[in-house]
Each structure stands twice: as C-alpha cells, then as structure tokens.
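Q: Quick one: structure below, then a few questions.
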Amino acid sequence: MAKAKTSNALPRDLVLRERVGSVAWLTLNRPEARNALSRALVASLRAELAALAAQPGVTTVVLTGAGGKAFCAGADLKERLGMTLDETRAFLHELGALVQAVEDFPAPVVAAIAGAALGGGLELALAADIRLADESASLGLSEVRLGIIPGAGGTQRLSRLCGIAVAKELILTGRRIDAATALRLGLLSRVVPEAELEPAVTEICAELCAGGPLALAQAKHAIDSGFGRPMPEGLAVERRGYEAVLGSADRKEGLRAFAEKRPPRFRGK
Ligand code: COA
C-alpha cells in the first residue's frame, strides 16, 4: 500500500513501521519476493509486534504488504528448498508463534490486503481481527498443491471463520479466490476499489480508535476466548472481561463524556 512509501524505516528493513496517532502500521517489505515469509521476515515481524505490545497508546495495528502486488505470498519457498526437516519444523514453530502473536495482540489488528494473500500469508491475515481488501486481492490456502497442509493455523482458523464446508472446499482444492468471492464467504469484511484501500483502512482505524483501549482489548479477548465454548462458559468469559473494565477510569470518562455531550478522552486506564 502507498502508506509504506512514507515510512521512516531504512529501505532494507524487512518490516516498515509507521505510527499515525495511535495507529501502528506494519508493512511487510520484500516486494521483490511478494513479501514471502523468510525466517528473517518472521523474526522481524515478531519483534515489531512484541515492541508494539509493550508500547503505550497503540490502539490499532495495521498489517499490510509493500509493493501492491501481494499482501504476502506465504512461506519463502526458495528458502524452504534449502532447509532440513528440523529447520522446517523450527520455521513452522516460529511462524505459528507469529500468527498467534497477531491473534493475541492486546488491541485490534487490521489486515489490509492488496494482491496475493496465499498460504502462510493468508494464515497471517486470518489471525487479524478485521480483513479489508482491494479488488486486486487473491486469497488461498494452496498448500495441498505443494504436497503439504496449512501449518500456521489455517485449517483451524478458516473453518472457525467461514464454516467447515467452506474451509474444506478451499483447503482441499487449494483454490485461489478473488476478493468478491472472499467477501461473500465471510473471509473479508470489506472490499474496495484498488485506490481506496488505504482510506478505507484509515476510516476503520478511526472508528476503532474511538473505543476505549481497555474495552477493545477485553472485547477482543472475550470473542476469541469464548468462541466455540458452551454458552455458560462463553458468558463467564464475557463477565470476566466486563469486570476488567468495570473499575477503570475510562469507564467513568465514558459516562462523564456522555453526560457532558462531548467525545470521551480515553487514557487506557
Ligand atoms: N516464496 C519465495 N519467492 C516467491 C514466493 C514465495 N512464496 N512467491 C513469489 N516469489 C518470488 C517469485 O519466485 C519471483 O521471484 P523471481 O523474480 O526471482 O523469479 C518474485 O517473487 C515475483 O513473483 P511472480 O510470480 O513473478 O509475481 P506475480 O506478481 O506474477 O505473482 C504470486 C505473485 C504471489 C501470485 C506468485 O508469485 C505465486 O503464486 N507465488 C507462490 C505462492 C505460493 O504458492 N505460496 C505458498 C503457498 S503454501
């Protein structure tokens, strides 16, 4: 996305980072390899996410890819060719941990997808909370066509997100689908024309930033952690999340702001 061009990072950085207010943009930056996940890129992205998680005031993270042709083309298949089995296992572990860090990030994560999101690239996007794409997007878990299976949560997250029938058809065929199909299947929440992805992402980030940071973290956790559990357990997760925000200064600020007919000024406390 164009956003990457304005980053303050060095050209050789594998991940470009930019803060726009409380929104942190992380851009995978190997456009010549369609942002394929090399070991170094996985390590960089993990480090960036860990650093952001420890930073105060980050209310939303945007993940995107440089170059406009791909969000991420999955694992680096050229690097993979030279890996031993143990190295491949270690890579899978690292990639799984990266994807988990996206899912567990204590603020909403938005995947902004232009071009290809394939294999591990789609698995990364599946761990985000919201997926927006432009009309150039092409999505697929094409691993079976390489004689492997999704190895960073794709079989689990796609079936939870879109249902088992859709997940089986997409994973077992390895089919790539366009943005309109992905929208229809619930894999994407919005598709916009090619020039409009960045404004659309900025718009949704502004909506997210209007929420209290503690509330966003707890709401995200309640949905993720409660999903798939029996209803009483899910409701108990929700109640614990509510308890976590009940004594917060942000809750008082929300009530005060409503009474004073002004927007709230949340501090994440
Ligand atoms: N790993 C390593 N290199 C990759 C890559 C990957 N997953 N995907 C693309 N590249 C490289 C290509 O080999 C090519 O390198 P080269 O210039 O040295 O030949 C470069 O990126 C550009 O790729 P190209 O295919 O020419 O670009 P494109 O825009 O026409 O197509 C893709 C982009 C992503 C659709 C296409 O490259 C592709 O299908 N890649 C494989 C995706 C895949 O199967 N991922 C794994 C799923 S399990």
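Q: How large, in percent, is the carbon and sulfur part of the accessible surface of the stretch 39-182 at a probe radius of 1.4 Å?
A: Of all accessible area on the stretch 39-182, carbon and sulfur atoms account for 57 percent.
Q: Further, regarding this structure: How far is the Cα center of the stretch 67-119 from the Cα center of the stretch 191-238, in Å?
A: The distance from the Cα centre of the stretch 67-119 to that of the stretch 191-238 comes to 22 Å.
Q: On average, how much accessible surface per residue is there in the chain, in Å², for a 1.4 Å probe, leaving out ligands, DNA and RNA?
A: I get 51 Å² per residue for the chain.
Q: Just to be sure I understand the model, the point goes 7 Å from the Cα along the line to the Cβ. What's the resulting ARG265 to ARG145 distance in nm?
A: 5.4
Q: Follow-up question, since we're still on this one. Around GLY174, under 11 Å between beta carbons, what's the net of Lys plus Arg minus Asp minus Glu among the other residues?
A: +1
The values are calculated or read from the model by the stated rules, or taken from the named source; none is laboratory data. On a predicted model such as this, the values are computed, not experimentally measured, just so you know. Positions of Cβ are backbone-derived with ideal geometry, glycine not excepted, and every protein chain shown enters the neighbour counts. When the accessible area is computed, the model is the full protein with side chains, heavy atoms only, and any ligands, DNA or RNA have been set aside. Shrake-Rupley method; radii C 1.70, N 1.55, O 1.52, S 1.80 Å.
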